[in-house]
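What follows is a single structure, written as structure tokens, with notes after it.
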Amino acid sequence: MKRLGFLLVGILLAGLVTGCIGKNETSTTSAITQPTHSTQVTSTTHSETPETMTSSTTSSVTKTSTTATPTKTSTPTETQSQTPTQQPKIYTREELLKNLEKIKRFTYLENVSVTFNVKIKQGNTTINAGEVSIIAKKIGYIDLESYEADINTTTRTFPGGGSSFTREIIKDGEIYLYANGMWQKLTNETLGIPPENLLNLTWEYNLVSFVKRYLKKDPQNMTIVNGSQIFYYTISDEDLKHVAEAFPGAVENKNENITVSFSNGILEMVFKNGQLYGGRLMYNMEIRIRTQDLEGKPMEIIEIGEEYDEFLIKDINVKKRVEVPKEGVRV
């Protein structure tokens with residue numbers, strides 16, 4: 001589970017200081033397609049005339065008067081048929097956990113949408129600087145057995161629509177990051193923390209491992225939709241912190257002028273036919289940046305927002321080749 005990096009915070013900061021962030025608003029929506037099934041029902045039909053209505057029950061009522069003796073026969077008939085459907089199996093959490101344990105490698109698709117409401121505080125004055133949205137699309141491969149990973153991320157920032165592409169490769173205990181047109185091998189100096197710490201977070205907080213961690217606990221809620229089992233969990237603030245640290249650019253912040261906090265985390269996991277199908281992750285975040293304006297006056301940028309993360313699990317236990325970059329790697 002990887003969050004948007006503090007490199008993006010730098011983009012936001014630069015935009016705010018130069019006044020390029022306006023009042024534009026951008027929103028994104030995405031959805032996980034759920035399997036559907038239908039039940040065929042033959043609708044009830046009735047046949048009726050002014051004098052006769054056919055039925056499985058026949059009754060005859062005779063009325064007599066001094067002028068006429070009308071006879072009315074009522075025979076209503078009603079038929080209904082329904083095509084039986086096979087109900088999908090409902091798996092216990094223990095069964096689902098056993099299936100998760102069998103996942104040694106997987107690919108995934110992930111859409112991340114972050115929306116910030118940005119304010120600038122200077123002295124006793126607070127200015128509403130508008131809304132900033134960050135959209136990231138990820139395609140990744142995680143090998144939990146060989147400890148390898150290959151993750152491609154395309155990010156766009158609004159307003160402005162600036163985009164960037166990054167690629168992260170993990171192999172043989174080394175981390176390589178492609179950004180700004182070049183490869184870099186991450187070290188203590190470039191990463192800010194020992195690479196081993198980041199590697200451990202990657203293997204413990206990837207999508208499958210993260211779901212497994214919470215499925216061991218009793219859910220806050222559970223429902224079944226179109227045969228898919230859905231579990232809901234409240235994410236602890238400590239786990240939210242680790243989720244944000246799991247990949248480069250979002251590691252533990254050593255800058256005393258930047259504080260980041262997370263809250264109200266919710267995890268939704270979806271299982272189809274006993275296998276992890278996908279899910280959603282939602283939480284609130286707040287970033288406070290203490291800096292100076294162009295004239296050197298102190299100011300504070302406050303970004304309060306929400307993150308919505310939607311993912312699909314694909315290609316379970318399909319082995320893929322992960323290769324380190326061969327040329328132009330900076331150390």
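The values are calculated or read from the model by the stated rules, or taken from the named source; none is laboratory data. Just so you know, these numbers come straight off a predicted model, no measurement behind them. No Cβ is skipped: glycine too gets one built from the backbone with ideal geometry, and neighbour counts run over all protein chains shown.
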Conditions: (1) more than 29 Å from ILE266 (Cβ to Cβ); (2) modelled with pLDDT of 90 or more; (3) assigned to a helix (DSSP H, G or I). LEU177 meets all but one. Number of the miss? (3)
Mind listing whichever residues of segment 209-238 are touching a Phe, Trp or Tyr at 6+ places or on another chain (Cβ under 6 Å), of a type outside the set (Phe, Trp, Tyr) and crowded, with 18+ Cβ neighbours inside 10 Å? GLN229
Look at ILE103 and say whether it is of a type in the set (Val, Ile, Thr), assigned to a loop (DSSP other than H, G, I, E, B) and surrounded by 15 or more Cβ atoms within 10 Å (Cβ to Cβ). yes
Just checking, does segment 313-325 include any residue being in contact (Cβ under 8 Å) with a residue 24 or more places away in the chain and assigned to a strand (DSSP E or B)? yes
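One line per residue, one yes/no per condition, for (1) more than 30 Å from MET222 (Cβ to Cβ); (2) at pLDDT below 95:
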{"position": "GLU51", "(1), (2)": "yes, yes"}
{"position": "THR57", "(1), (2)": "yes, yes"}
{"position": "PRO88", "(1), (2)": "no, yes"}
{"position": "LEU96", "(1), (2)": "no, no"}
{"position": "LYS102", "(1), (2)": "no, no"}
{"position": "TYR108", "(1), (2)": "no, no"}
Please give the number of the condition GLY160 fails out of (1) touching a residue at least 12 places away in the same chain (Cβ under 8 Å); (2) touching a Pro at 6+ places or on another chain (Cβ under 7 Å). (2)
Based on what the data block shows, is ILE193 free of Cβ contacts under 8 Å to residues at least 60 places away in the same chain, touching a helix residue (DSSP H, G or I) at 6+ places or on another chain (Cβ under 9 Å) and over 30 Å from TYR232 (Cα atoms)? yes
Among the residues of segment 303-320, which ones are at pLDDT 95 or above, touching a helix residue (DSSP H, G or I) at 6+ places or on another chain (Cβ under 8 Å) and of a type outside the set (Phe, Trp, Tyr)? ILE313
So in segment 222-238, with the set limited to residues that are modelled with pLDDT under 95 and of a type in the set (S, T, N, Q), which one is farthest from the chain's Cα centre (by Cα)? ASN226
In this structure, does VAL114 turn out to be under 23 Å from the mean Cα position of the chain (by Cα) and in a strand (DSSP E or B)? yes
